[in-house]
Amino acid sequence: MKTTIQLLLAFVILTSFIKPDRNTANGFKIDQNYKVQGTFSGNTQGEDSFHFIIAKNKKEKNYNILPFQFKNEEVVKMDPITFKEQPNVLSFHNNGDQLSVVTSYNEGKSRKFQVVDVNLKDHTVKKSEALDGENYKTTVREKDQNFLVFSEKESLKIVAVKNASDVKDITIEATAANKDFLKALSKNNLDAISSQDFVENGSINDFRIYSDQGTITITQENTKEGTTNVAQIDTSDSSNTELKVTNFKSNDSGEGKLKKSTSYVSDNKLFQMNLKKDAATLDIHNLDDKSNKQLNLLSGDVVSAASSKAAANSFLKNATKGKNQPTVTVNEARDGALKLRVDYVNKKLYSYNYNWWWHHHWMMQNQMWIMQQQQNRMMLQNSLPRFGPDVSDAYPIYTVKEKADSFFEIGLHANGSIMPASDVTTIHKNIDKKSYIDDIDNNKKLKHSSTVFTATTFRYISYNKKTKSFLIHSKSLK
């Protein structure tokens, strides 16, 4: 009897913790009652990660998220999370041992949102009440919180998500001062700009949204005038329902008509770039005190500090071509420094998708939905209503750049003075995520893949069609 109990205990331990090798595939199978819809992966703490298998339970007639942790080099299986309708994972964040996941699902003709907390220590799960999804625009993610953005013609709503028990609304109504801004926002796409990764190229849409420690910043570009409207919301004060819109313009430099313009927000500063026939300037506006500093991007100081002198010297000519659109991004570095990246993209081929990794996640989760939507468009010529983001607009498949050598970078000290780009080490690494993910996508034996990048590791979960099992595999970053 004692021997039998010992064997049973050993079996339970072995099936709960699967020890993988960093350079080999480690497989496990799920119950045959499940029909897999997709997977999702993300960071937890340090080098650890979580991996979700989203599946339909054919026996129970519902849907499950099957959660796994990769913790201390071990795969830990957790209890299924049950949903009546198929969930999609929009975003996530961490607070210590608590993982909070923002999900969405369709309920009839309505879209709903729900926050799910997973305690990574004791594996308990808590769900929020369902949130109405009408007029949803986008989600902005910080390390420890998420913001859902909803926009109507005469109002703006921000839902701040800390966890399933801490979800609060901030609703802003239109006034004479901001009604034009809110009306235009309701009619346009809104690109959420990542603050959690190295950003190569920014958005080329008119409306963009940023988040920094709970402060939401929404910008509106007027590329004909070279001006930027900036609206900020402090989400720490739910009673704050005022939306003040401030217009910023460049300190005019150079003769002739404005050709192209763009902007980027970082460190509570607006970096505003204007291009004319013979002038390229970057105005740095402090959003606190409205002070301004201007850089001449054609100056000898900038060209000397640039990572590519050839790209710096040819930038104005190439960026102002009709097919191209300039982009400027700013990445935080050590000691309060910044790395400024100046580039251009083909506006017919490029779209900002948060980042390539996040875009890949969304596409892999929604492949069946995308195929169905494409069939609907072909058969019914858009006559049927659709729910959720329109892939052709919000998540286009193309993110192509024509040339890899189109950009140059310079460094900026905390006081705004220029330094060589080579002297700056950004906080977030510039990882070629596409090169790692392409290896998985091109492997015909694998499907239902999702990936995560830690500081030192590329990790993914996939279903192996040959072995009919899932695997979680780790590979050291180069």
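The values are calculated or read from the model by the stated rules, or taken from the named source; none is laboratory data. Note that the structure is a prediction, hence the values are computed from the model and not measured. Don't worry about glycine lacking a Cβ; one is built from the backbone with ideal geometry, like all the others, and counts go over all protein chains shown. Calculation scope for accessible area: heavy atoms of the full protein, side chains included, ligands and nucleic acids excluded. Shrake-Rupley method; radii C 1.70, N 1.55, O 1.52, S 1.80 Å.
Of everything in region 60-89, what is open to solvent by 20 Å² or more (accessible area, probe 1.4 Å), assigned to a strand (DSSP E or B) and closer than 22 Å to Thr454 by Cα? Give them in sequence order. Give the derivation first.
Just the residues of region 60-89 that are open to solvent by 20 Å² or more (accessible area, probe 1.4 Å), to begin with: 60-63, 71-74, 77, 79-80, 82, 84-86, 88.
Filter once more, keeping what is assigned to a strand (DSSP E or B): 62-63, 71, 74, 77, 82, 88.
If the condition is that a residue be open to solvent by 20 Å² or more (accessible area, probe 1.4 Å), assigned to a strand (DSSP E or B) and closer than 22 Å to Thr454 by Cα, then Lys71, Glu74, Lys77 are the ones that fit.
Suppose the filter is aliphatic (A, V, I, L, M), open to solvent by less than 10 Å² (accessible area, probe 1.4 Å) and either touching a helix residue (DSSP H, G or I) at 6+ places or on another chain (Cβ under 8 Å) or closer than 30 Å to Glu173 by Cα (or both); does Ala311 pass it? I'd like the intermediate steps shown before the answer.
On the way: aliphatic (A, V, I, L, M): yes; open to solvent by less than 10 Å² (accessible area, probe 1.4 Å): yes; either touching a helix residue (DSSP H, G or I) at 6+ places or on another chain (Cβ under 8 Å) or closer than 30 Å to Glu173 by Cα (or both): no.
Here the answer is no, as Ala311 does not meet what is asked.
May I ask you to say which residue of Thr228, Thr262 is under 23 Å from the mean Cα position of the chain (by Cα), buried (at least 18 other Cβ atoms within 10 Å of the Cβ) and more than 16 Å from Asn178 (Cα to Cα)? I'd like the intermediate steps shown before the answer.
Values: Thr228 fails: more than 16 Å from Asn178 (Cα to Cα).
The unique qualifying residue is Thr262.
Restricting region 154-202 to residues that are among the acidic types (Asp, Glu) and touching a residue at least 40 places away in the same chain (Cβ under 8 Å), which is least open to solvent (accessible area, probe 1.4 Å)? Talk me through it step by step, then tell me what you get.
Applying the first criterion (among the acidic types (Asp, Glu)) to region 154-202 yields 154, 166, 169, 173, 180, 191, 197, 200.
Next cut, touching a residue at least 40 places away in the same chain (Cβ under 8 Å) only: 169, 173, 191, 197, 200.
Details: Asp169: 81, Glu173: 107, Asp191: 21, Asp197: 37, Glu200: 79 Å².
Top of the filtered list is Asp191.
Inspect all residues belonging to region 277-297 and state whether any of them is out of contact with any strand residue (DSSP E or B) (no Cβ under 6 Å at 6 or more places or on another chain), part of a helix (DSSP H, G or I), among the hydroxyl-bearing types (Ser, Thr, Tyr) and open to solvent by less than 70 Å² (accessible area, probe 1.4 Å).
No, because not a single residue in region 277-297 is out of contact with any strand residue (DSSP E or B) (no Cβ under 6 Å at 6 or more places or on another chain), part of a helix (DSSP H, G or I), among the hydroxyl-bearing types (Ser, Thr, Tyr) and open to solvent by less than 70 Å² (accessible area, probe 1.4 Å).
For region 154-172, check the following and say yes or no: at least one residue is under 15 Å from the mean Cα position of the chain (by Cα) and either under 22 Å from Asn95 (Cα atoms) or among the aliphatic types (A, V, I, L, M) (or both). Give the steps one after another, and end with the answer.
Our first condition is that a residue be under 15 Å from the mean Cα position of the chain (by Cα); within region 154-172, this holds for none.
There is no residue in region 154-172 that is under 15 Å from the mean Cα position of the chain (by Cα) and either under 22 Å from Asn95 (Cα atoms) or among the aliphatic types (A, V, I, L, M) (or both).
If you scan region 125-141, which residues turn out to be out of contact with any Lys or Arg (no Cβ under 9 Å at 6 or more places or on another chain) and either outside any loop (DSSP other than H, G, I, E, B) or surrounded by 15 or more Cβ atoms within 10 Å (Cβ to Cβ) (or both)?
Quick first cut of region 125-141, residues out of contact with any Lys or Arg (no Cβ under 9 Å at 6 or more places or on another chain) only: 125-129, 137-141.
Val125, Lys126, Lys127, Ser128, Lys137, Thr138, Thr139, Val140, Arg141 - these are the residues of region 125-141 that are out of contact with any Lys or Arg (no Cβ under 9 Å at 6 or more places or on another chain) and either outside any loop (DSSP other than H, G, I, E, B) or surrounded by 15 or more Cβ atoms within 10 Å (Cβ to Cβ) (or both).
Name the residue, out of Ser462, Ser422, Ser450, that is surrounded by fewer than 13 Cβ atoms within 10 Å (Cβ to Cβ) and either part of a helix (DSSP H, G or I) or out of contact with any Asp or Glu (no Cβ under 7 Å at 6 or more places or on another chain) (or both).
On the way: Ser462 fails: surrounded by fewer than 13 Cβ atoms within 10 Å (Cβ to Cβ); Ser450 fails: surrounded by fewer than 13 Cβ atoms within 10 Å (Cβ to Cβ).
Just one listed residue meets the conditions, Ser422.
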